């Protein structure tokens with residue numbers, strides 16, 4: 001392992017220790033949600049399950065907007081969230097490994 005990798009690992013660990021969201025931590029958290037979906041998919045059709053997850057994401061994002069970020073103007077927040085979701089969905093649909 002070269003010094004650059006060691007520096008990056010140290011910086012990532014320091015950022016995570018400060019409670020900052022790193023790319024690695026972001027993906028670990030996302031994977032936990034995917035694991036829940038995969039477990040639920042054993043008893044619930046994926047066509048029903050994906051809508052439940054979308055509903056939960058919308059509800060949680062509304063909570064964050066209203067109670068954490070204290071967003072007064074909802075429409076700009078909705079527009080930004082839609083753009084983020086569209087980009088993520090398009091990227092995943094284009095991913096041949098899925």
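Throughout, read-outs are computed from the coordinates displayed, never taken from laboratory work. Only a predicted model underlies this, so the values are computations on that prediction, with no experimental measurement involved. Here the Cβ positions follow ideal geometry from the backbone for every residue, glycine too, while neighbour counts run over all protein chains shown.
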* In degrees from 0 to 90, rounded to the nearest 10, what is the angle of the helix 3-17 Cα long axis to the longest principal axis of the chain? -> 50 degrees
* **Quotient of Cα Rg and 2.2 N^0.38 Å for region 19-64, N being how many residues it contains** => 1.32
* Where the convex hull is taken over the Cα atoms of region 45-98, what is its projected area averaged over directions, in nm²? -> 4.5 nm²
* Go ahead and set up a Gaussian network model of the chain, Cα springs under 10 Å, then flag whichever of 11, 57, 43 fluctuates most. => 11
* Asked: Hey, quick one: spin label on residue 43, modelled 7 Å out along Cα-Cβ, who in region 51-74 has an amide N within reach, i.e. under 18 Å?
  -> 51-53
* Principal-axis tilt of helix 46-63 within the chain, Cα atoms, nearest 10 degrees -> 70 degrees
* Asked: Per residue and in cubic angstrom, what volume does the convex hull of the Cα atoms of the chain have?
  -> 167 Å³
* Just how far, in whole angstrom, is region 44-60 from region 63-86 if you go by their alpha carbon centroids? -> 19 Å
* **With Cα atoms, 0 to 90° folded angle of helix 23-40 axis to the chain main axis** => 40 degrees
